[in-house]
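Quick note: the coordinates plus some simple rules give every number you see, no bench work behind them. Because the structure is a prediction, the values reported are computed rather than measured. For neighbour counting, all protein chains shown are included, and Cβ atoms are generated from backbone atoms with ideal geometry for every residue, glycine included.
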Amino acid sequence: MALASSSLYEPLNESSAAALAARLGLFETNSVLQCEEIGDGNLNLVFRITDSKSGHSLILKQALPYAKVIGESWPLTLDRARIESSALVKQAELAPGLVPEVCYSDQTLAVTVMEDLSHLQIARKALIEKKNLPHLAGQIGSFMARTLFYTSDFALKPHAKKQLVLQYMNPDLCKITEDLVFTDPFFDHDSNDFEPELRPAAEALWADSEVKLHAAKLKKKFLTEADALLHGDLHTGSIFVSEEETKVIDPEFAFFGPIGFDPGQFIGNLLLNALSREEEDQDVIFEAIEKTWYTFSATFAASWKQDSRERFSEVDGYLDHTLGQIFEDAIGFAGCEVIRRTIGLAHVEDLDGIEPYEKRIQVKTSALELGRKLIKQRHNLTEPGQLKRFFRHAILR
Ligand code: SR1
Ligand code: MG
């Protein structure tokens, strides 16, 4: 991968993005480049640049100095482009084939150029369309186990681990999660966004001091436990899929945090999809959650047995304790994710696309109930096989 640093930042447009790609020699000299801005995310510009002669295409992503979804009133560090490109390179090393290949990055321009994955579909959309995704759960379970285990103190020497923790300090993006996932949805905050009919359920949540105490404890874990290099935003909109392939994208929220956070966000988003389905279509989602967890725990355990450098790792019970704590945390984080995607700032199509409106309100009310119970009762859930019953019981009104 080429790494560069130009002298001046400027936001690109379709013509300057294509010109940059040509200047960098990312395409053949006689190519005819077409460029389209295709970004539909919350934060960045995303250009697809195609050589209309050969059909070869690349993605050029550029961070803006503010959150695109809000505008210039919400400044945001360009350093997230460095975090994203270096996390993609690290993840490719640890989980080969499961992230897009990076071919160029420039810290000053806040640009990452990578493989175009347009032949794949965003997992959230595929799940809404009830596509068959036989490898999604196994490949995400394996991605999480390998990236999390091999960046933790179980695998790394102490100095190397702490060096990486410094390299992935990501305060601006962590602050977004601290506010939008762990704080604002639990209070009557301006950033929240929900239908007026949900106000009684939101007010019941804000009056629930037990759930707030648990949310405070989960937030503290996120703030302080530098276990491993997280993806940091592993919802189903950060994953491209087909029946055969899985590719994890967008690790701009990467930082050293609690291992349970990535599994929790992924499971939380599968639960949001389950909420959007009729009961007879939900089993495949609960099966995916089980497969995710069993692949994660089996891969993590195999890596532990083969590569742990921790003196205590052979002590009876330590691996089981570690996996049990990760699972409990993941369930709590999943509960926070379900709540924030229901009444917080950034919604998901799984819930917002439910028609008719009355049904959407009913499902979102259930989502708030489910989120609260996942957070409060996470200690009682010890394996993913219990989730289906728990889910059905939690949303009974
Ligand atoms: C203003 S950013 C809102 C959300 O989009 C990202 O994908 C993260 O999930 C963040 O919380
Ligand atoms: Mg993103």
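Details
- The value of relative contact order for the range 325-388, using C-alpha pairs under 8 Å at least six residues apart, is 49 percent.
- Bridge type composition, the range 105-255 - antiparallel percent by DSSP, nearest 5: 100 percent
- Value at 222 nm in deg cm²/dmol, rounded to 500, when DSSP H runs of n ≥ 4 in the chain each add -39,500 (n - 2.57): -15500 deg cm²/dmol
- Within-15-Å neighbourhood charge of residue 146 [Cβ basis; K, R +1; D, E -1]: -1
- Cross-link pairs beyond the 26 Å C-alpha cut-off, checked among 53/90; 161/305; 359/388; 90/305; 130/175; 68/388: 53/90; 130/175; 68/388
- Residue-span extension gain [residue 313 to residue 212] - 0.36 nm each, minus C-alpha spacing: 32.9 nm
- Spin-label model, residue 160/residue 92: points 7 Å from Cα along the beta carbon direction are separated by 2.0 nm.
- Mean separation of Cα contacts under 8 Å, 6 or more apart, over the residue count of the range 2-115: relative contact order %: 27 percent
- Axis angle, to the nearest 10 degrees, between helix 136-149 and the longest C-alpha principal axis of the chain: 80 degrees.
- Each residue of the range 200-205 is assigned a 3J(HN,Hα), and the resulting list reads x, 5, 5, 5, 5, 5 Hz, derived from the Karplus form 6.51 cos²θ - 1.76 cosθ + 1.60 (θ = phi - 60°), x at Gly and Pro.
- By definition, a body whose alpha carbon gyration tensor gives a ≥ b ≥ c is rounded when a/c is under 1.5, and the range 44-130 falls into this rounded group.
- Computed from backbone phi with θ = phi - 60° and the Karplus coefficients 6.51, -1.76 and 1.60, the 3J(HN,Hα) list for the range 233-250 is 8, 8, 8, 6, x, 9, 9, 9, 9, 9, 5, 9, 10, 9, 9, 8, 10, 6 Hz; x is used for glycine and proline.
- Among beta bridges identified by DSSP and lying wholly in the chain, the antiparallel ones come to about 90 percent.
- Surface/4 of the Cα convex hull for the chain, nm²: 19.8 nm²
- Compactness of the range 89-178 as Cα Rg over 2.2 N^0.38 Å, two decimals: 1.33
- Centroid-to-centroid separation of the range 156-170 and the range 90-127 [C-alpha atoms, Å]: 23 Å
- Helix 14-23 axis versus longest C-alpha principal axis of the chain: approximately 60°, rounded to the nearest ten.
- The chain: relative contact order as a whole-number percent, Cα under 8 Å and 6+ apart: 17 percent
- For residue 67, the residues whose modelled amide H falls within less than 5 Å of its own, excluding neighbours fewer than 5 places apart on the same chain, are 74, 76.
- Principal-axis analysis of the Cα atoms of the chain puts helix 283-307 at an angle of about 70° to the longest axis.
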